[in-house]
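**Student:** My questions all concern the structure below.
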Amino acid sequence: MSAATTRSRTPDRLCAEAVDLARAAAEEAAAPGVVGEHAGLVSEGDRVVTHFFECKELGYRGWRWAVTVARASRAKIVTLDEVVLLPGPDALLAPEWVPWSERLRPGDMGPGDLLPTDAEDLRLEPGYSGEDEPPPASPVSEEMAELVEAEDAEVTGGTPANLPVVPSRGTIASVAEELGMRRARVLSRYGLHIAADRWEEAYGAKTPMAQAAPAACVSCGFLQPIGGSLGQAFGVCANEFSPADGRVVSLAYGCGGHSEAAVMPKPPVPPPPVIDETRVDPFPLRPSADSGSVSVLPDEDTAELGHS
């Protein structure tokens with residue numbers, strides 16, 4: 001263990017009393033009125049003390065001006081070491097730096113922006129490669145390379161990504177162009193899965209719009225099919241009144257603009273009343289004698305008993 005580590009961490013008295021010297025140095029580095037009250041000190045070593053002052057500058061809440069002073073051995077004069085602005089325990093700090101490739105979000109790109117893809121991007125895989133050893137009967141095999149001048153063939157070095165726009169005749173790139181495979185890289189299985197998950201979350205069967213739809217997009221006439229393996233689960237909406245117009249939607253998605261949505265029938269209107277003014281309905285003033293349940297004629301049996 002060195003002698004420096006065994007020495008006392010008690011602040012040096014002269015360095016601890018040099019508060020005015022530290023404040024003057026902090027105000028010179030910052031500006032008058034920005035340096036606040038003295039917020040304590042800490043011993044950095046033998047005859048080395050750091051004084052802390054509150055920072056009143058806007059945007060630096062919780063920061064402190066740290067002024068380190070020192071004194072030489074057996075010297076009575078305290079000298080200035082350094083002045084720096086440091087964050088305190090409750091300081092307002094900027095978030096941790098994240099590389100742009102990780103903080104980029106969909107919709108962040110604007111006109112003129114370029115987004116280079118990594119050579120090892122998991123979302124992509126080679127569409128075709130010229131690095132593999134060609135079969136013996138290939139136009140670019142070693143045997144055919146010896147007959148370049150006679151057969152008017154050219155052997156191009158490098159991967160297809162480094163080939164010119166128009167591949168030379170007899171190269172793998174030219175054959176790939178004839179077969180419609182001009183892309184050096186295509187979507188990998190991982191790239192297909194994350195794209196499908198992203199589209200399903202935005203315009204899928206679990207969205208509130210699809211839950212209230214009368215039918216799914218798979219039976220809608222406005223659905224434009226897409227090619228590739230994703231065409232088995234997705235399509236493009238072509239209904240200008242749909243919230244998903246021009247979007248890739250799941251076949252299980254749906255909205256109120258379905259082409260076969262049922263039209264609600266109008267409520268029936270009752271016919272106007274018919275009034276016959278040529279017919280007269282009789283309306284008696286007194287009820288007829290036989291209209292009630294009790295006869296109005298006297299009963300002989302009840303008359304003998306004295307009943308009325």
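**Student:** Given the protein chains as shown and a 1.4 Å probe, how many square angstrom of Tyr60 are accessible, to the nearest 10?
**Tutor:** 80 Å²
**Student:** Beyond 13 Å, what percent of the Cα pairs of the range 22-76 remain?
**Tutor:** 58 percent
**Student:** Something else: Seen from all sides and averaged, what is the projected area of the convex hull of the Cα atoms in the range 1-122, in nm²?
**Tutor:** Value for the range 1-122: 14.3 nm².
**Student:** Provide the per-residue ³J(HN,Hα) series for the range 279-284, in order, calculated from phi with Karplus coefficients 6.51, -1.76, 1.60 and θ = phi - 60°, each as a whole number of Hz, with x at glycine and proline positions.
**Tutor:** 9, 10, 9, x, 9, x
**Student:** Given H placed on each backbone N at 1.01 Å, which residues far from Gly36 in sequence or on other chains put an amide H within less than 5 Å of it?
**Tutor:** Placed amide hydrogens put Glu54, Cys55, Lys56 under 5 Å from Gly36.
**Student:** Please give the solvent-accessible surface of Asp245 in Å², to the nearest 10, using a probe radius of 1.4 Å with every protein chain present.
**Tutor:** 70 Å²
**Student:** Please work out whether the range 232-284 counts as rounded, prolate or oblate from its C-alpha gyration tensor, where a ≥ b ≥ c are the square roots of the eigenvalues and a/c under 1.5 means rounded, while otherwise a/b larger than b/c means prolate and anything else oblate?
**Tutor:** Judged from the Cα gyration tensor, the range 232-284 comes out prolate (a/c at least 1.5, a/b above b/c).
**Student:** Now for a separate question. Classify the range 49-98: rounded, prolate or oblate, from the alpha-carbon gyration tensor (a ≥ b ≥ c, eigenvalue square roots; a/c under 1.5 rounded; otherwise prolate if a/b is larger than b/c)?
**Tutor:** Prolate, because a/c is 1.5 or more and a/b exceeds b/c.
**Student:** Also, quick follow-up: Please report the net charge: other residues with Cβ closer than 13 Å to the Cβ of Thr117, K and R +1, D and E -1.
**Tutor:** Around Thr117, the surrounding residues sum to -1.
**Student:** Run the 1.4 Å probe and let me know the accessible area of Glu44, rounded to the nearest 10 Å².
**Tutor:** About 100 Å², ignoring ligands and nucleic acids.
**Student:** Cβ under 15 Å from Val34's Cβ, Val34 left aside: what net charge do those residues give with Lys, Arg +1 and Asp, Glu -1?
**Tutor:** Net of charged neighbours comes to -1.
**Student:** Here's another thing I want to ask about it. Stretch Ala212-Leu230 to full length: gain in nm at 0.36 nm per residue minus the Cα-Cα span?
**Tutor:** 4.0 nm
**Student:** Quick one: ranking Phe241, Phe234, Phe222 by accessible area, 1.4 Å probe, largest first, what do you get?
**Tutor:** Heavy-atom accessible area, descending, gives Phe241, Phe222, Phe234.
The values are calculated or read from the model by the stated rules, or taken from the named source; none is laboratory data. Not measured: the values here are computed from a predicted model. Using ideal geometry, Cβ is built from the backbone for each residue, glycine included, and neighbour counts are taken over all protein chains shown. Just the protein is used for accessible areas: all its heavy atoms, side chains included, with ligands, DNA and RNA removed. Shrake-Rupley method; radii C 1.70, N 1.55, O 1.52, S 1.80 Å.
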